[in-house]
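The values are calculated or read from the model by the stated rules, or taken from the named source; none is laboratory data. A quick note: this is a predicted structure, and the numbers were derived from the prediction, not measured. For neighbour counting, all protein chains shown are included, and Cβ atoms are generated from backbone atoms with ideal geometry for every residue, glycine included. These area figures cover heavy atoms from the full protein model, side chains too; ligands, DNA and RNA do not enter into them. Shrake-Rupley method; radii C 1.70, N 1.55, O 1.52, S 1.80 Å.
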Amino acid sequence: MTQIQTKRPSVWRRLATNIRRHPMVYVMLAVVMVYFILFCYWPMYGNIIAFQDYKPVRGIARSEFVGLENFEKFFSNFYFYRLLRNTLLISGLNLLFGFPFPIIFAVLLNEMRNQKAKRVVQTITYLPHFITTVVICSMIIQFTNSTGFITGIVNLFGHSGSLIGDPACFRAIYVVSDIWQSFGWNSIIYIAAISTINPDLYEAAAIDGANRAQRMWHVTLPGIRETIVIMLIMACGRLMNVGWEKAFLLQSEATYETSDIISTFVYRKGFVENDYSYSAAVNIFNSVINLILLTAANKISNKLSGSGLW
């Protein structure tokens, strides 16, 4: 008996059927797609100016094409290595000390048995995230200037003068303040991951004689390993994206040697000196390095742990 083969509906017909069945889902999807097209993909067209001698009066279409001239200009810039060094050092220190902090905090918070105290601690640590960068920087400047109370404490141990005006102290101030501002908020994802761990694993470990520290090491941390790996890969992909707002608001000409980073350099070139093509070229360089770091981190993670973003 011959089997009758039915023709499978086309992709467009299946899509039309799904839209009729679930219209609100596609309405929500359309809003998200419009957002990304308008604010993420369409602005990429403007990257063309990195390869032009862009003049606003001429527009993108009529500006002169200069190829890689702006990139060569940046690579030969006297401050190129200083910018690259400062960006990588601040990001690297932030990753080294700032990345583990939310994990440690989430693991320790999970061990708290008093739920009321736990909520109070969470609320207190979340609050700095909601303070604007301008206010945070104003507080830092007040606390670390020549008359600030933090400066007074540090000066007792041999330092003299303002902390915020000392180039040697800028990176420490930036990293410590960034950890304080973000560790509570960043711990949310790890707290959520910990909540998915099967409680029976803790009971089994306790029956086997494991103390609280051993349960944290052998149950909690392995239970959130994949989350840690994914967050680490994403952090590596943002290494070149040091928050320019904080660096710009805290830095001064006296601290440029350690505080001047690629993003603040782009701001000065683009908005102060109106050299839009040059600043666009520097920004593209920054994005390409981030892409390379993200891809490399993902490849290494897949090879070592078997998990990654893709």
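The criterion of being open to solvent by less than 40 Å² (accessible area, probe 1.4 Å) and either at pLDDT 90 or above or touching a Pro at 6+ places or on another chain (Cβ under 9 Å) (or both) holds for Phe74.
Mind checking which residues of the range 197-225 are out of contact with any helix residue (DSSP H, G or I) (no Cβ under 8 Å at 6 or more places or on another chain), open to solvent by 80 Å² or more (accessible area, probe 1.4 Å) and within 17 Å of Ile104 (Cα to Cα)? Arg212, Trp217, Arg225, listed by residue number.
Every condition in (1) at pLDDT below 90; (2) within 20 Å of the chain's Cα centre (by Cα); (3) among the basic types (Lys, Arg) is met by Arg225 except one, and the failing one is (1). Take Ala61 and tell me if it is aliphatic (A, V, I, L, M) and modelled with pLDDT under 90. So Ala61 fits the description; yes. Considered as a group, the residues in the range 260-310 that are open to solvent by 30 Å² or more (accessible area, probe 1.4 Å) and charged (D, E, K, R) include one that is nearest to Glu64 (Cα to Cα), and that residue is Asp275.
Filtered by the rule that a residue be surrounded by 10 or more Cβ atoms within 10 Å (Cβ to Cβ) and not basic (Lys, Arg), the range 45-59 gives Gly46, Asn47, Ile48, Ile49, Ala50, Phe51, Gln52, Asp53, Tyr54, Pro56, Gly59. Of the residues screened, Val121 is not one that is closer than 28 Å to Phe248 by Cβ, among the hydrophobic types (A, V, I, L, M, F, W, C) and open to solvent by 40 Å² or more (accessible area, probe 1.4 Å).
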